[in-house]
Ligand code: GLU
């Protein structure tokens with residue numbers, strides 16, 4: 001029987017969540033849901049120097065906004081708790097000690113100064129590698145070089161030390177990546193990474209392997225930037241638990257800058273004017289704000305969709321996928337090896353499509369908040385939603401609703417008189433004066449009555465209705481946009497329509 005699918009997203013709480021991070025979450029989530037498995041979020045906070053307050057909460061808020069809820073995590077609990085590595089500190093030492101005992105790791109007592117000296121001397125000799133590895137370990141202050149009694153003495157005296165993995169030279173380490181196929185590393189290029197730090201805290205390398213084992217992780221999906229660490233992890237699996245127990249790996253392609261080469265960074269977002277974080281993130285140290293997709297008005301449905309297709313497709317031309325469809329169609333073997341260029345214009349297109357596709361009631365709460373912040377009062381919820389549904393085809397980001405729907409709630413602040421004035425005439429003025437009278441007398445206020453009255457009066461006055469519709473639109477909307485003008489009149493009501501026409505006539509003079 002094959003293992004139950006258990007995948008994990010393992011963020012380090014060091015800052016905001018980059019869209020590449022959310023895509024890693026998404027692919028983990030989709031894989032788990034597709035295979036009836038579990039999606040685990042484990043917080044990898046063993047590097048205390050990089051710990052940033054608030055980052056963990058922020059990550060969980062992002063996942064919640066995206067609708068990608070973990071089955072097990074710090075917040076959701078689970079059978080394998082705790083899910084924060086700093087709280088698991090005591091579990092790791094025994095594995096490091098076991099490696100020492102079996103000859104796969106060693107105690108290293110070198111001070112930072114000694115390591116610096118070693119690097120300087122390697123540099124002076126013109127050595128191409130400055131790594132702590134098989135070349136130099138025999139010259140350093142560690143249990144490989146020292147006699148067992150000397151090592152014991154140092155340990156007994158409580159001398160600060162780390163435990164390093166002992167990478168054997170001239171070997172190859174291979175594994176099969178679900179996206180990239182067979183990958184082979186030469187151990188001569190791998191350094192003796194620290195596994196356990198002097199304060200007893202594991203490094204990422206030890207913790208990730210031990211926890212993937214203890215939490216029965218079946219598949220480990222992570223960013224391509226972790227590929228160089230893979231040989232260390234594979235050797236740890238081999239020495240500690242056996243390679244047959246190892247999860248299957250997939251190293252996800254990078255998300256690339258829209259221009260040039262290389263990984264998309266926060267700086268590219270600042271430079272090109274778009275967010276790269278899921279939600280607004282304020283750096284607690286500097287107070288700097290990095291804008292998020294949520295706050296600029298993306299829908300989570302669109303965000304998930306655009307991330308899913310950054311590096312994956314289902315083999316057809318289909319571009320719009322709901323989360324349910326993604327769960328059904330996602331497969332790791334259709335993830336591309338090469339990086340995917342991020343295109344913000346395309347990202348906005350996805351949002352536009354999703355704004356159109358979803359009923360406005362799905363996002364009206366968020367639009368309402370934006371309206372309130374812009375000083376527009378919303379009294380009637382049903383009316384509000386019907387207005388949003390009427391104009392949603394014209395909106396790309398949620399704040400666009402302010403311009404596209406604001407005039408349904410209050411008269412436009414300014415009128416685009418330039419669009420009307422050159423062709424304005426006494427005859428048109430008379431038309432609208434009379435139209436006001438006829439509208440006042442209308443018994444039923446619906447699109448047909450408003451429109452027929454308009455057309456009949458235009459015919460009687462021998463003016464083309466087309467020439468009157470633009471002024472009417474400017475009167476009601478303020479500009480040359482919006483849905484059918486008679487529909488707008490019907491929705492804003494008789495009194496308001498008449499008031500706006502009257503007001504405009506004064507301005508058009
Ligand atoms: N803690 C690592 C990170 O911050 C996780 C890498 C992995 O998934 O193995 O990305």
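No lab work stands behind these numbers, since they all come straight from the coordinates. Here the structure is a predicted model, which is why all the values come from computation and not from measurement. All Cβ positions, glycine included, derive from the backbone under ideal geometry; neighbour counts span all protein chains shown.
Yes or no, residue by residue, for (1) surrounded by 15 or more Cβ atoms within 10 Å (Cβ to Cβ); (2) part of a loop (DSSP other than H, G, I, E, B); (3) on the phi < 0 side of the Ramachandran plot:
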residue: 412; (1), (2), (3): yes, yes, yes
residue: 457; (1), (2), (3): yes, no, yes
residue: 463; (1), (2), (3): yes, yes, yes
residue: 495; (1), (2), (3): no, no, yes
residue: 502; (1), (2), (3): no, no, yes
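Regarding segment 39-47, can at least one residue be identified that is touching a helix residue (DSSP H, G or I) at 6+ places or on another chain (Cβ under 9 Å), in a helix (DSSP H, G or I) and in contact (Cβ under 8 Å) with a residue 40 or more places away in the chain? For segment 39-47, residues touching a helix residue (DSSP H, G or I) at 6+ places or on another chain (Cβ under 9 Å), in a helix (DSSP H, G or I) and in contact (Cβ under 8 Å) with a residue 40 or more places away in the chain: absent.
Only residues that are closer than 16 Å to residue 310 by Cα and either part of a strand (DSSP E or B) or within 10 Å of the ligand (Cβ to nearest atom) (or both) were counted across segment 224-254, and they come to 3. Take the residues of segment 1-18 that are closer than 13 Å to residue 252 by Cβ and in contact with a helix residue (DSSP H, G or I) (Cβ under 6 Å, 6 or more places away or on another chain): which is nearest to the ligand (Cβ to nearest atom)? Among them, the one singled out is 9. Can you confirm whether segment 28-37 contains a residue that is within 12 Å of the ligand (Cβ to nearest atom) and either closer than 25 Å to residue 247 by Cα or part of a loop (DSSP other than H, G, I, E, B) (or both)? Yes, segment 28-37 contains a residue that is within 12 Å of the ligand (Cβ to nearest atom) and either closer than 25 Å to residue 247 by Cα or part of a loop (DSSP other than H, G, I, E, B) (or both).
Selection of segment 183-214 for residues being within 12 Å of the ligand (Cβ to nearest atom) and assigned to a loop (DSSP other than H, G, I, E, B) yields only 203. Considering only residues in segment 67-94 that are touching a helix residue (DSSP H, G or I) at 6+ places or on another chain (Cβ under 8 Å) and free of Cβ contacts under 8 Å to residues at least 40 places away in the same chain, the one that is nearest to residue 163 (Cα to Cα) turns out to be 82. Every condition in (1) surrounded by fewer than 18 Cβ atoms within 10 Å (Cβ to Cβ); (2) in a strand (DSSP E or B); (3) under 24 Å from the mean Cα position of the chain (by Cα) is met by residue 221 except one, and the failing one is (1).
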